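Here the structure is laid out as structure tokens; the discussion comes afterwards.
The values are calculated or read from the model by the stated rules, or taken from the named source; none is laboratory data. Owing to the predicted nature of the structure, the values given are computational and were not obtained by experimental measurement. Please note: Cβ atoms are built from the backbone with ideal geometry, for glycine as well, and neighbour counts cover all protein chains shown. In case anyone asks, the SASA skips ligands and DNA or RNA and just uses the protein heavy atoms, side chains included. Shrake-Rupley method; radii C 1.70, N 1.55, O 1.52, S 1.80 Å.
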Amino acid sequence: MQKPHVIAYFADDPTRVYQLLQWLPVLERLDDTHPVALLVRDADTRALLEERTSLPLHLALGFADLAATYDELDAKVVLYCNNSMLNFNSLLDGRMLHVHINHGESDKQSMVSNNAKAYDRVFVAGEAAVLRHRAALMELDESRLVRIGRPQLDLRPAPLVPPSERRTVLYAPTWEGDADYNDYTSVDVFGVEIARSVLAVPDVRLVYKPHPKVTTSQTPAIREAHQAILELVERAAEAEPEAGHAAIWQGDILAVFPGCDAMITDVSSVGLDWLYLQTDKPILITDRHHDAERLRQEVPVSRCADVIDTADLPGLTALLTDRLAHDEHRIARAAMRHHYFDDNGVGDSTVRFVEAVTALVEKRDRLRGASPEAGLEESA
């Protein structure tokens, strides 16, 4: 069996495995060029992944297991899609190059931290991410930041929303985060009113697709609001069966986009994915902190979107009705797309990702005094 060149390391339990799941198709494409294996630290996570990918899976419950597995695999590059504290167990190994690839591109504060300095490289989407790191971190070596775009956006999953003659508004809120500073969700403060406002727009279908962690939240206000939104959608679907109102809990949100004409979301990666894939369609972004100037400075995409806070809720139905007919921000969104994702077209990000990993595989071999040809001979 061929030893992996690349290990995708994931230390968390299944409640966070969505962070890795979105990378699986990209890693499977990388596997065509460089053998890839997954290494996890949780047995339940391993069981879930076994159902989702054919990539080799390794389980290392303890630190001694991890060290022994790394000795056996002798990989060249390790990829990390989050900043789990257990990443530092892996980062202790100096025989491989360590790369943070994150699990999305967003303007959340959690996107940037001093953890970035622990990795040999940090793959980022584009100019906005570089500026985000520059503004937030002191003494960062920016040469570690590698602009690759967002490979997941090259994928075209099968659509989850059936076609409709109605215009479709997607409400896709994020979760509440791990701390107040990183709480951007609209579910508890605006969610029910947003759903009601969308349902009041004439000849519109509402699709509700919350972040996976909204559906499992232990925060009472989130749970209650989420359930209330589900009940609104259910009642609307019963009253108008032909409308197609739906709540979608499972599946890739990128598979929901193609059937939608506008989106309401929070500060999250979902908004930027929409900006990239649906540049010609309106986006509305919530502001639970009621600080328009802060949002404008810290969340550039808000400059080409309609922003919703408490004061805007009474007029949201009218705003949506008008925006579906008159899209005032289309030209601004095209420019903002370039700010976040450079000049990447469909397919370019995956190419850049594979090329960046290849360069690091080769660099690791040079640094270790081994030629790529020798490594291929050993694995043959």
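Which pairs have Cβ atoms under 7 Å, sit 6 or more apart or on different chains, and link a residue in segment 232-258 that is at positive phi to one that is modelled with pLDDT under 95 and of a type outside the set (K, R)?
If the second residue must be modelled with pLDDT under 95 and of a type outside the set (K, R), the pairs left are G244/P162; G244/S164; G251/L160.
Can you tell me which residue in segment 360-380 is most open to solvent (accessible area, probe 1.4 Å), limited to those that are out of contact with any strand residue (DSSP E or B) (no Cβ under 9 Å at 6 or more places or on another chain) and modelled with pLDDT of 95 or more? Even if it seems obvious, please write down each step before you answer.
Going through segment 360-380, the residues out of contact with any strand residue (DSSP E or B) (no Cβ under 9 Å at 6 or more places or on another chain) turn out to be 362, 365-366, 368-380.
In the following step, the residues that additionally are modelled with pLDDT of 95 or more were identified as 362, 365-366.
Numbers: E362: 77, D365: 3, R366: 154 Å².
Checking each candidate, the answer is R366.
With respect to the numbered conditions (1) under 30 Å from G347 (Cα atoms); (2) open to solvent by 70 Å² or more (accessible area, probe 1.4 Å); (3) modelled with pLDDT of 95 or more, which one is the sole condition not fulfilled by R196?
With respect to (1) under 30 Å from G347 (Cα atoms); (2) open to solvent by 70 Å² or more (accessible area, probe 1.4 Å); (3) modelled with pLDDT of 95 or more, R196 is out only on (1).
Of the numbered conditions (1) of a type outside the set (G, A, S); (2) over 27 Å from P212 (Cβ atoms); (3) in a loop (DSSP other than H, G, I, E, B), T279 satisfies every one except a single condition; which is it?
Result: T279 passes all but (2).
Got a sec? Which of V169, V146, V130 is β-branched (V, I, T), open to solvent by less than 10 Å² (accessible area, probe 1.4 Å) and touching a residue at least 12 places away in the same chain (Cβ under 8 Å)? Even if it seems obvious, please write down each step before you answer.
On the way: V146 fails: open to solvent by less than 10 Å² (accessible area, probe 1.4 Å); V130 fails: open to solvent by less than 10 Å² (accessible area, probe 1.4 Å).
When all the criteria are applied, what remains is V169.
Considering segment 53-77 alone, what residues qualify as being of a type in the set (A, V, I, L, M), out of contact with any helix residue (DSSP H, G or I) (no Cβ under 6 Å at 6 or more places or on another chain) and crowded, with 17+ Cβ neighbours inside 10 Å?
L55, L73, A75 - these are the residues of segment 53-77 that are of a type in the set (A, V, I, L, M), out of contact with any helix residue (DSSP H, G or I) (no Cβ under 6 Å at 6 or more places or on another chain) and crowded, with 17+ Cβ neighbours inside 10 Å.
Within segment 172-198, track down each residue that is in contact with a Ser or Thr (Cβ under 9 Å, 6 or more places away or on another chain) and among the aliphatic types (A, V, I, L, M).
A172, A179, V187, V189, I194, V198
One residue is enough: does segment 263-273 have a residue meeting the conditions surrounded by fewer than 21 Cβ atoms within 10 Å (Cβ to Cβ) and not in a strand (DSSP E or B)?
Within segment 263-273, none of the residues are surrounded by fewer than 21 Cβ atoms within 10 Å (Cβ to Cβ) and not in a strand (DSSP E or B).
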